[in-house]
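To start, the structure under review is shown below, and the notes come after it.
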Amino acid sequence: MYRIAAQLFLISLTVIISICILAAKTHYASFQIIGLIILTSYIAVTYFADIHSNGAEGLVICYLAERNCEGNYLEVCPHNLRNDIYEFEQKYALTEV
């Protein structure tokens, strides 16, 4: 629910800014141009929002898989990513005592 609301807000904001820029530069906007602005705004916003959410989900899954496999000494995450995660945990004191 929040994802749809966030996408609608970002699409609306992008469309409004784009139309303002278009009006300032050309003083003319047809329905076709506005339709293209809405379409490209929708495509851009959903693409970038999905990239960030999918990336974050991948990091969380990798982290949880690594935590679950620690007892068996299995390596699931790439070595560099695992070190970054452990350094982040130590930096912000997120590890269990």
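The values are calculated or read from the model by the stated rules, or taken from the named source; none is laboratory data. Here the structure is a predicted model, which means the values were calculated and not measured. Please note: Cβ atoms are built from the backbone with ideal geometry, for glycine as well, and neighbour counts cover all protein chains shown.
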Practice item. Report yes if some residue within the stretch 44-51 is at pLDDT below 80, more than 21 Å from TYR2 (Cβ to Cβ) and not acidic (Asp, Glu); otherwise report no. Key: no
Practice item. Collect the residues in the stretch 1-42 that are within 19 Å of SER53 (Cβ to Cβ) and free of Cβ contacts under 8 Å to residues at least 40 places away in the same chain, keeping them in residue-number order. Key: MET1, TYR2, ILE4, ALA5, LEU8, PHE9, LEU10, ILE11, LEU13, THR14, SER41, TYR42
Exercise for review: Please list, ordered by first then second residue, the pairs with beta carbon atoms under 9 Å, 6 or more apart or interchain, first in the stretch 47-67 and over 19 Å from TYR86 (Cβ atoms), second among the basic types (Lys, Arg) and part of a helix (DSSP H, G or I).
Suggested key: ALA49/ARG3; SER53/ARG3
